[in-house]
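Participant: Below you'll find the structure I mean.
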Amino acid sequence: MALLMACAAFGQAPDPDVGGVRAGSLPRRWLTGGPNCMEVPDWQVHEYNPDLYILRESGCTNYEKPFLYLLFGAARVMLLDTGAGQTDVAREVNNVISKWLRHNERDGIPLIVAHSHAHGDHVAGDSQFREQPGATLVEPTLEATKRFFGIDRWPEGTGQVDLGNRLIDVIPIPGHDALSLAYYDRQTGLLFTGDSLYPGRLYVSDLPAFVESTDRLVSFTRGKAIAHLLGCHIEQTATPYLDYPIGSMYQPDEHSLELAPADLLELQAALHTMDKPRRIVMRDYTVWPVDAGEWKRLEQVEKVTLERQTQSMWGKPR
């Protein structure tokens, strides 16, 4: 009963019309990569609504297949993350921006490039934006992040950025990474949770910090309209409790990208049952504590998976 009441609290905003949350749509299936990499585009671009675009990097480009988010306001546009490996992310992002400008009969719009966290599969394309005219790259460091978003206390405080009639709240949630952040878009009710909550393996490097961050995120979202929780990866299959092996380039029957507010509450409850770091397999994700030894083991699994799938998807080893 308590859980049901808590879930209901998420869906009730102080204003009965939930502040005019703007709707959007998500595809039934995403491109993942393969089975023939010669036929797969490097990026998939999906229009959630006319002012929010989701970009997914192909597994044929990098097995991480991260999701990037491009949010347009009246004055600025913000990109969350820059992809993995060797990408042409700037060309892809600028192409979307150019189309948006033509559609809106605009000459230009300043770009902010920010991050969900500082891991390599989310910052690989940073250099492509660092010197781009009209672009501001928020370097993936603690000091640069605090300064740009006005976060006065880390991790207890919150920050904001106004894109022009579009206010984004920025919530520190370290635990997966020391610099992990969540972003709440008041316009759409979307909560972007990075690698801290998504359908897959939630790698936790600092468990106490992760527990505290999850508690703070639950507190932040209480009373707010939450349409979806959107992370940066899909590693889960459509079959409950079953994930793909690390290194999977092609995921033909994967879980949906979006999670629900109840998944955040479920994560919080699961974390509070842990007296020490241990793996907890949930229906739609796995809490996966990691240390140096575990990362090394996962790298070996990744290598084997990549070798096998590369041969079948490209016809020969690259």
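Only the coordinates and a few stated rules stand behind these numbers; no lab work does. Because the structure is predicted, anything quoted here is derived from the model rather than measured. Here the Cβ is made from the backbone with ideal geometry for all residues, glycine too, and neighbour counts use every protein chain on show.
Participant: Order these by the 10 Å Cβ neighbour count, fewest first: Cys60, Cys37, Cys232.
Facilitator: Cys37, Cys60, Cys232
Participant: Around Leu230, under 11 Å between beta carbons, what's the net of Lys plus Arg minus Asp minus Glu among the other residues?
Facilitator: Charge balance near Leu230 sits at -2.
Participant: Please report the net charge: other residues with Cβ closer than 13 Å to the Cβ of Leu163, K and R +1, D and E -1.
Facilitator: Local charge sum for Leu163: -1.
Participant: If packing is taken as the mean number of other Cβ atoms within 10 Å per residue, what is the order of 87-95, 267-275, highest first?
Facilitator: Most protected by this proxy first, the peptides run 87-95, 267-275.
Participant: Here's something else I'd like to know. Would you mind getting me the FRET efficiency between Asn94 and Ala178? Use the beta-carbon distance for r and R0 = 41 Å, nearest 0.05.
Facilitator: Calculated value: 0.85.
Participant: Now a separate question. Any idea what the dipole of the chain comes to, in debye rounded to 20, about its Cα centre with Lys/Arg Cβ at +1 and Asp/Glu Cβ at -1?
Facilitator: I would put it at about 260 debye.
Participant: Computed from these coordinates, which is Rg and Dmax of the Cα atoms in Å: [x] 19.1, 62; [y] 19.1, 58; [z] 43.6, 152?
Facilitator: Computing Rg and Dmax of the Cα atoms in Å and matching it to [x] 19.1, 62; [y] 19.1, 58; [z] 43.6, 152 gives [y].
Participant: Which residue, Glu39, Glu266, Glu302, tops the fluctuation ranking in a GNM of the chain built on C-alpha contacts under 10 Å?
Facilitator: Glu39
Participant: To the nearest 20 debye, what is the magnitude of the charge dipole of the stretch 169-285 about its Cα centre, counting +1 on the Cβ of each Lys and Arg and -1 on the Cβ of each Asp and Glu?
Facilitator: 260 debye
Participant: So, one more: Report, ordered by chain and residue number, the lysines lying within cross-link reach of Lys303, taken as a straight Cα distance under 19 Å and ignoring same-chain residues fewer than 8 apart.
Facilitator: Within reach: Lys65, Lys316.
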